[in-house]
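Heads up: the structure comes next, in structure tokens.
Please treat every number below as a calculation from the coordinates, not as lab data. Computed from a predicted structure; not experimentally measured. Positions of Cβ are backbone-derived with ideal geometry, glycine not excepted, and every protein chain shown enters the neighbour counts.
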Amino acid sequence: MTEHPSPAEGAASQPDAPIELVPYDPRWPSRFEAERELLAAALQPWLTGNIEHIGSTAVPGLAAKPIIDIMVPVASLAGSIGAIDAACRIGYLHHPYNPQEMHWFCKPSPVHRTHHLHVVEHGGTVWQQRLALRDALRQDPALAERYAQLKRSLAALHPLDRDAYTQAKAPFIASVLAGRRQDARS
């Protein structure tokens, strides 16, 4: 068996890239598709649904960090431990970020990220929320622009602190998700 960095030797031990937002790149969907095919082959034993393009690069016209976010559905996190080694074999570095919610990876390194991989329980809260946010932003260009403005201001405020940047976006995201739930009840 090929050895791969453990979380302590992989993503967790490397310096982090600064937060940089760029204008929407129309090549992002094709980059997702290419990676989706690679992931589908490598993670096939654990897949329970479609691999999804999430995050800002999945929203046409939205400024984003130039990192393709990919969400892979599995039946359970405990039952998909083997997917960690399989993802590492195709160049992903595992990091125990929110391990109760997902198996998380970056590629090729924390210093130069091109992809984030989120292996989550199919139909679970994380699965539903990530798709709901993506779909809301795709359907409402004004909402997407407000999100882009927020992200630009937070990137300027927290250029080297991804956790602070992510946490500061949480109230906006929660309001979008609450709106989606309200719309579903109406």
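Is there a residue in the range 152-164 that is farther than 23 Å from Asn50 by Cβ, surrounded by 15 or more Cβ atoms within 10 Å (Cβ to Cβ) and under 15 Å from the mean Cα position of the chain (by Cα)? Within the range 152-164 (the criterion being farther than 23 Å from Asn50 by Cβ, surrounded by 15 or more Cβ atoms within 10 Å (Cβ to Cβ) and under 15 Å from the mean Cα position of the chain (by Cα)), the answer is yes, since at least one residue qualifies. Just give me the residues in the range 114-140 being buried (at least 19 other Cβ atoms within 10 Å of the Cβ) and not in a helix (DSSP H, G or I), in sequence order. Once the filter is applied, which keeps residues that are buried (at least 19 other Cβ atoms within 10 Å of the Cβ) and not in a helix (DSSP H, G or I), the range 114-140 yields His115, His116, Leu117, His118, Val119, Val120, Glu121. Of all residues assigned to the range 107-119, at least one qualifies as being of a type in the set (Lys, Arg) and more than 19 Å from Ala174 (Cα to Cα).
The residues of the range 92-113 that are surrounded by 14 or more Cβ atoms within 10 Å (Cβ to Cβ) and under 17 Å from Pro73 (Cβ atoms), listed by number, are Tyr92, Glu101, Met102, His103, Trp104, Phe105.
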